[in-house]
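The values are calculated or read from the model by the stated rules, or taken from the named source; none is laboratory data. Nothing here was measured: the structure is a model prediction, and the numbers come from that model. Positions of Cβ are generated from backbone atoms using ideal geometry, with glycine treated the same way; all protein chains shown enter the neighbour counts. All accessible areas refer to the heavy atoms of the entire protein, side chains included, with ligands and DNA or RNA removed. Shrake-Rupley method; radii C 1.70, N 1.55, O 1.52, S 1.80 Å.
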Number of protein chains: 2
Amino acid sequence: MSGFEDLGGLDRRRIWEGIHARVVHGERMSLGVVELDPGAVALEHSHPHEQFGLVLSGSIRFTIGDETRELGPGDLYVIPGEVPHTAEAGPEGTVVIDVFSPVREEWRTAESADPAEPRWPE
Amino acid sequence: MSGFEDLGGLDRRRIWEGIHARVVHGERMSLGVVELDPGAVALEHSHPHEQFGLVLSGSIRFTIGDETRELGPGDLYVIPGEVPHTAEAGPEGTVVIDVFSPVREEWRTAESADPAEPRWPE
């Protein structure tokens with residue numbers, strides 16, 4: 001795509017249990033605004049894509065390799081390709097941005113979820 | 001880099017007059033949290049990098065090619081490589097995320113600015 005989108009106009013897709021994303025894809029990157037329900041867990045996984053993230057709201061306990069941190073709004077994470085990582089949302093849930101390069105192809109076809117209002121911005 | 005950063009711990013760099021960024025670079029991407037002073041202008045420019053952006057706070061008038069929009073929090077923009085674009089911050093200024101692929105090398109060496117508290121999150 002090229003141009004402008006508003007978050008609420010993007011398809012809401014189920015990534016994992018309790019984790020949904022609204023995603024834009026380009027030629028080199030994918031950018032997702034990802035909502036995690038309270039306590040939702042992204043089990044340890046890895047992928048060849050480089051991943052950057054920024055917490056927009058709420059809190060999340062994030063592990064990259066063998067380092068774990070409690071993150072809140074304004075905290076950034078950088079995950080090189082193939083490095084295992086896991087995350088668990090705090091008690092109010094969390095909204096993060098995740099950016100990937102190359103394109104996260106499997107997110108194009110992730111299951112569509114029921115529409116809902118974006119949780120961020122409030 | 002790999003791991004965790006907090007926004008306030010990143011160098012604040014001058015990109016243009018009234019426009020500063022805190023940036024992380026990887027192997028394939030650069031992610032900047034960019035603060036524009038009220039009325040600050042990014043003159044028309046283009047670059048080979050694909051660029052995605054998301055408005056975090058404030059307002060910005062953005063032009064991509066021949067399409068212009070007024071954007072606020074939660075609005076996204078996608079700029080393919082080499083497409084001319086320009087932006088002007090609203091009266092309260094704005095904070096946006098800009099992500100580039102490949103790495104925006106010239107932002108590594110952009111002039112360091114005086115330290116300041118990040119304007120977002122508030």
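List the trypsin sites (Lys or Arg not before Pro) within the range B:9-49 that DSSP assigns to loop and that have no more than 13 neighbouring Cβ atoms inside 10 Å.
Values: sites: B:ARG12, B:ARG13, B:ARG14, B:ARG22, B:ARG28; in loops: B:ARG12, B:ARG28.
Answer by residue number: there is no such site.
What residues have an amide H closer than 5 Å to that of B:SER57, excluding those fewer than 5 places away on the same chain, when H is modeled at 1.01 Å from N in the peptide plane?
The list, which skips near neighbours in sequence, is B:VAL95.
Non-local amide H neighbours of A:ILE15 (under 5 Å, H modeled in plane, Pro and chain starts lacking H): which ones?
Close amide H contacts, sequence-distant or interchain: A:HIS20, A:ALA21.
Just to confirm the numbers: B:ALA113, label point 7 angstrom along the Cα-Cβ line, distances to the other copies in nm, shortest first?
Label-point separations across copies, in nm and ascending: 3.6.
How big is chain B by Rg and Dmax over its Cα atoms, in Å?
13.5, 39
Determine how large the accessible area of B:HIS85 is when every protein chain is in place; take a 1.4 Å probe and give Å² rounded to the nearest 10.
10
When all alpha-carbon pairs of the range B:56-122 are counted, what percent fall beyond 14 Å?
Numbers: 1483 of 2211 pairs.
Pairs farther apart than 14 Å: 67 percent.
Find every distance from the label point of A:ARG69 to the corresponding label point in the other copies (7 Å from Cα along Cα→Cβ) and write them in nm, one decimal, shortest first.
Counterpart label points of A:ARG69 in the remaining copies fall at 3.1 nm.
Please turn the phi angles of the range A:84-100 into ³J(HN,Hα) values with the Karplus equation 6.51 cos²θ - 1.76 cosθ + 1.60 (θ = phi - 60°), one per residue in order, whole Hz, x for glycine and proline.
x, 8, 8, 8, 9, 6, x, x, 9, x, 7, 10, 10, 9, 10, 10, 10
What do you get for Rg/Rh of the protein assembly as shown when both radii come from the Cα atoms and Rh is the Kirkwood radius?
Working: Rg = 16.8 Å, Rh = 17.9 Å.
Answer for the protein assembly as shown: 0.93.
At 1.4 Å probe size, what's the solvent-accessible area of B:TRP120? Round to the nearest 10 Å².
20
State, to one decimal in nm and shortest first, how far the label point of B:GLY9 sits from each corresponding label point in the other identical copies (label point: 7 angstrom along Cα-to-Cβ).
3.8
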